[in-house]
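The values are calculated or read from the model by the stated rules, or taken from the named source; none is laboratory data. Because the structure is a prediction, the values reported are computed rather than measured. Heads up, the Cβs are rebuilt from the backbone with ideal geometry, glycines too, and the neighbour counts pull from every protein chain shown. Note: areas computed on protein heavy atoms with side chains; ligands, DNA, RNA excluded. Shrake-Rupley method; radii C 1.70, N 1.55, O 1.52, S 1.80 Å.
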Amino acid sequence: MNKFPLSQKYIDFINSINVTADFLEGTTASGKTTVGAGVKFMRMVSASAKKLHIIASKTTGTAEKNIIQQDNGILDLHRNAMYYGNGDKDNKLPHIKFEGKIIYILGYDTKDKWENVLGSQFGCVYIDEINTANIEFVREISTRNDYLMATLNPDDPSLPVYKEFVNRSRPYRKYESCVPRSIMEEIVEPPVKGWRYWFFTFYDNLSLSAEDIEKKMQSAPKGTKLYKNKIEGLRGKAAGLVFDPPGEAFIHASKAKQMSFERFSAALDTSYSQSSPDMMAFTFIGITTDRKCVLLDELGYNNKNLQTPLTPSDIPKVFSDFLERNRMKWGFARDVYIDSADQATILECEKYKRLTGSIYNYIPAFKKTKIIDRIHLQSAWFACGDFLIVDSCSGYRNELNTYSWQEGRNEGKYQPEDGNDHFINSCQYAWLPYKHLIGSVDIEV
């Protein structure tokens with residue numbers, strides 16, 4: 001095997017034991033494929049008692065180019081491995097022969113290319129860019145192996161592959177701090193024993209020089225989706241997003257503390273479902289004397305993840321505590337807004353005010369401004385630097401990375417999706433009554 005430098009994280013990854021699945025996510029050029037497929041996967045094949053194994057990529061050509069024949073690919077690292085791209089007399093499918101084992105090379109782009117091999121049990125399975133794979137294939141093959149390895153580039157976190165597979169794995173405690181906070185907040189599905197999650201970056205690829213890393217980081221404009229996905233390794237839809245704010249829209253709380261606020265507001269968007277990722281989203285905003293809207297704080301709950309689910313009667317105390325915390329830190333928002341469709345929560349908050357003498361006025365949210373017009377306003381504010389977000393508001397930021405347009409069922413009309421929008425809606429409820437106080441450019445809606 002050829003030699004190339006390995007970071008300590010990659011060494012620990014290669015040597016990890018009692019693992020039945022490894023999921024490798026992260027930035028571009030982090031070495032996931034080289035070390036994952038070329039080193040650990042081949043080591044697992046070598047150790048397996050089974051003869052048949054699988055490498056799956058979008059097409060067999062992609063597998064050849066990115067996994068098998070590239071520099072430091074499988075054939076480079078393992079000189080005793082032989083690749084039969086057109087099959088041979090014994091195996092008609094493309095395959096690698098290695099230490100008496102057969103590694104089939106499959107394309108998962110169309111069902112007829114992979115369903116022929118199903119029905120067998122395999123030792124080790126490697127799935128390249130599992131986020132783009134046919135989910136039927138992933139579900140089927142996941143039950144037919146002793147060991148699974150999958151790489152993926154950051155993608156739409158609502159894809160079923162995250163919920164069913166990736167988010168059921170867990171990082172080793174040693175490397176938990178290496179995983180971006182926004183991703184750790186999504187790895188909440190019930191874990192599977194022996195499934196491990198790994199997040200790799202440029203800095204884990206010791207083959208890259210500082211100049212190489214700088215060149216790659218400069219290749220994508222900061223704040224764009226390309227930069228977030230490829231350079232920061234953060235999840236989010238690559239196209240069709242409703243909002244794409246510039247990086248300058250995210251500020252530290254210390255910068256917000258230096259601003260002069262003339263009004264504060266807060267709002268709540270509710271969802272009590274125990275079977276969906278929908279959130280109860282609390283937001284607190286400030287509007288400055290120079291007409292900027294700043295999201296200062298957020299709080300989110302998901303009943304699916306709570307041992308004791310919240311009900312409408314629980315919300316007034318939770319909301320009041322959130323408001324008091326922000327009153328002490330930022331200022332007093334006397335009028336606060338609740339989704340007008342949630343009459344049960346509104347009534348509970350009004351009852352709470354009568355019984356406790358709460359200083360807050362709980363008001364049904366104003367919804368006369370259409371959703372498309374709210375998006376128009378906010379997009380203009382982002383463009384002009386008039387809408388800012390304190391960078392600790394990770395729930396809101398995650399929604400910005402996923403909230404997308406969808407094409408309507410009739411007449412090709414586009415509309416924003418009904419989902420990934422609870423913090424966004426909550427924040428809109430907070431600023432809607434004061435939209436005339438925000439923005440340096442007049443927008444008619």
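For the range 36-99, which whole-number percentage of the solvent-accessible area (1.4 Å probe, protein heavy atoms only) is attributable to carbon and sulfur atoms? List each step's numbers first, then the result.
Values: 1480 of 3050 Å².
Ligands and nucleic acids excluded, carbon and sulfur reach 48 percent.
Short version: ³J(HN,Hα) in whole Hz for each residue of the range 299-310, in order, from phi by Karplus 6.51 cos²θ - 1.76 cosθ + 1.60 (θ = phi - 60°), x for Gly and Pro, what are they?
8, x, 10, 10, 4, 4, 9, 9, 5, 10, x, 7
State the three equivalent ellipsoid semi-axes of the chain, derived from the C-alpha gyration tensor as the square roots of 5 times its eigenvalues, in descending order and whole Å.
Numbers: eigenvalues 461, 103, 81 Å².
Result for the chain: semi-axes of 48, 23, 20 Å.
Relative contact order for the range 293-364: what percent, with Cα pairs under 8 Å and sequence separation of 6 or more?
Result for the range 293-364 is 31 percent.
Give me the Kirkwood hydrodynamic radius of the range 297-371, using the inverse of the mean 1/r over all pairs of distinct Cα atoms, in Å to one decimal. Spell out each step's value before the answer.
Values: mean 1/r = 0.0742 Å⁻¹.
Roughly 13.5 Å, rounded to one decimal.
Students sometimes get this wrong: rank R181, R79 by accessible area, probe 1.4 Å, all chains present, largest first.
Values: R181 140, R79 160 Å².
Result, largest first: R79, R181.
Output needed: percent of Cα pairs per 5 Å distance bin for the range 76-195, bins running from 0 to the one holding the longest distance.
Reading the bins upward from 0: 2, 9, 17, 21, 17, 13, 10, 7, 3, 1, 0.
Run the accessible area of the range 306-445 with a 1.4 Å probe and give the carbon-and-sulfur part as a rounded percent. Display every interim value, and only then the final one.
Working: 3550 of 7080 Å².
Carbon with sulfur: 50 percent of the solvent-accessible area.
Placing unit charges on C-beta atoms (Lys and Arg positive, Asp and Glu negative, everything else neutral), compute the dipole magnitude of the range 327-445 about its Cα centre in debye, rounded to 20.
Details: 14 positive and 16 negative charges, 110 e Å.
Value, rounded to 20: 520 debye.
If contacts are Cα pairs under 8 angstrom and at least 6 residues apart, what is the relative contact order of the range 35-192 in percent?
Details: 235 pairs, mean separation 34.8, N = 158.
This gives 22 percent for the range 35-192.
With a 1.4 Å probe and every protein chain left in place, work out the accessible area per residue of the chain in Å², rounded to a whole number.
Working: 20640 Å² over 445 residues.
In whole numbers, the chain has 46 Å² accessible per residue.
Across every pair of different alpha-carbon atoms, what Kirkwood hydrodynamic radius in Å does the range 354-395 reach? Can you show the working numbers first?
On the way: mean 1/r = 0.0737 Å⁻¹.
Radius from the Kirkwood sum: 13.6 Å.
Could you give me the ³J(HN,Hα) list for the range 365-370, computed from phi with Karplus coefficients 6.51, -1.76, 1.60 and θ = phi - 60°, whole Hz, x at Gly and Pro?
5, 7, 10, 5, 6, 5
Before anything else, pin down the relative contact order of the range 174-265: Cα pairs under 8 Å, at least 6 apart, normalised by residue count, whole percent. Write out the running numbers ahead of the final one.
Values: 40 pairs, mean separation 19.0, N = 92.
It rounds to 21 percent for the range 174-265.
Over the range 121-204, what percent of the accessible surface lies on carbon and sulfur atoms, probe 1.4 Å? Spell out each step's value before the answer.
Details: 1740 of 3500 Å².
Answer for the range 121-204 is 50 percent, counting heavy atoms of protein chains only.
Hey, can you grab everything whose amide H is under 5 Å from the amide H of A365? Only 5+ residues off in sequence or another chain; H modelled, so Pro and N-termini drop out.
Amide H neighbours of A365: I338, D339, S340.
For the chain, give the share of DSSP beta bridges that are antiparallel, in percent and rounded to the nearest 5; count only bridges with both residues there.
Taking every DSSP beta bridge with both residues in the chain, the antiparallel ones total about 40 percent.
Quick one: which residues, 5+ away or cross-chain, put their amide H under 5 Å from the amide H of I251? H built at 1.01 Å from N.
I389, V390, D391
Would you mind checking K9/K216; K101/K228; K215/K304 for any pair whose Cα atoms are more than 31 angstrom apart? Don't jump to the answer; show the numbers that get you there.
Numbers: K9/K216 21 Å; K101/K228 40 Å; K215/K304 43 Å.
Result: K101/K228; K215/K304 exceed 31 Å.
Using the alpha carbon gyration tensor of the range 143-199, what are the three equivalent-ellipsoid semi-axes (square root of 5 times each eigenvalue), largest first, in whole Å? Provide the component values of the computation, followed by the final result.
Details: eigenvalues 61, 43, 23 Å².
Ellipsoid semi-axes (Å, largest first): 17, 15, 11.
Considering the chain as a Gaussian network with a 10 Å cut-off on Cα pairs, which listed residue, K89, K367, K329, attains the greatest mean-square fluctuation?
Its mean-square fluctuation being the largest, the pick is K89.
Any idea what the dipole of the chain comes to, in debye rounded to 20, about its Cα centre with Lys/Arg Cβ at +1 and Asp/Glu Cβ at -1? Present the calculation step by step, with values, prior to reporting the outcome.
On the way: 56 positive and 56 negative charges, 179 e Å.
Here the chain has a charge dipole of around 860 debye.
What is the percent of Cα-Cα separations in the range 175-315 that go past 26 Å? Could you put the intermediate results ahead of the total?
Working: 4718 of 9870 pairs.
Above the 26 Å cut-off, the range 175-315 has 48 percent of its Cα pairs.
Would you count, across the range 331-445, every pair of lysines whose alpha carbons are under 23 angstrom apart, provided the pair is eight or more residues apart or spans two chains?
Lysine pairs meeting the criterion: 6.
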